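Participant: Quick one: structure below, then a few questions.
Derivation of every value follows stated rules applied to the coordinates shown; laboratory data play no part. What you are looking at is a predicted structure, and each value in this text was computed from that prediction instead of being measured. Backbone-built Cβ (ideal geometry, glycine too); neighbour counts: all protein chains shown.
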Amino acid sequence: MAGVSTLEEANAFLASYRARHNDLFAVPPKDEATAFMPAPSKEDLALILCRRVFRKMTGDSTVSWKGRKWSALDSQGRKVLFRKGVEVEVLDLLDRRTVLHRQGTFYEMVRVEEEETKKTLAKENTTASSTEEGMRKPWTPGPDHPWKREYERMASRKRSREHCLEQIP
């Protein structure tokens, strides 16, 4: 191509070829301003590169995230109260922080330890009483229970058949 055989000749040809190529194919820009945008700030970049998930707040102002309950704290470290069903955005940032976003405000999220409920207390009480007494006896129906009567009828029929068979010589 163009009789070039050495590296020096190729570099010289490239300079002249670039000028001819630009004369043929160059298009002047519509806007003289640069097309490059300034780099975003670290905070904006963290918000761009985070994982966003929408959740609804529960009645106790917590949100379920990653199998745990989380509560939102304001900048002074106080718990923020939300109405039940309010939709919020949970942001999982690259620096491993979890942030809650609601109407342009960001809140730090902290994990809430599971509070003891009546059900868990009831379970503890029943397990404590059963361990104190040992193993529970299985439930047996009372003497007047219909299952008992049916069993007695079947047993008496069986005895009467056996009695009849004994009488046959």
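Participant: Among 142-155, 48-61, how do they line up from the highest to the lowest mean number of other beta-carbon atoms within 10 Å?
Facilitator: Values: 142-155: 9.9, 48-61: 12.9.
Highest mean packing first, the order is 48-61, 142-155.
Participant: A follow-up question, please. Per 5 Å bin, what percent of the C-alpha pairs of region 50-112 does each bin hold, from zero upward?
Facilitator: 4, 19, 34, 29, 11, 2
Participant: If you take the beta carbon distance between residue 11 and residue 45 as r and set R0 to 45 Å, what does 1/(1 + (r/R0)^6) give as a FRET efficiency, to the nearest 0.05? Provide the component values of the computation, followed by the final result.
Facilitator: Numbers: r = 41 Å, r/R0 = 0.90.
So, using R0 = 45 Å, E works out to roughly 0.65.
Participant: Still on this structure, I have one more. Can you order the peptides 77-84, 37-44 by their average number of other Cβ atoms within 10 Å per residue, highest first? Show your work: numbers first, answer last.
Facilitator: On the way: 77-84: 12.1, 37-44: 8.6.
Answer by packing, highest mean first, reads 77-84, 37-44.
Participant: Next up: Distance in nm between label sites at residue 24 and residue 4, each 7 Å beyond Cα in the beta-carbon direction?
Facilitator: 1.4
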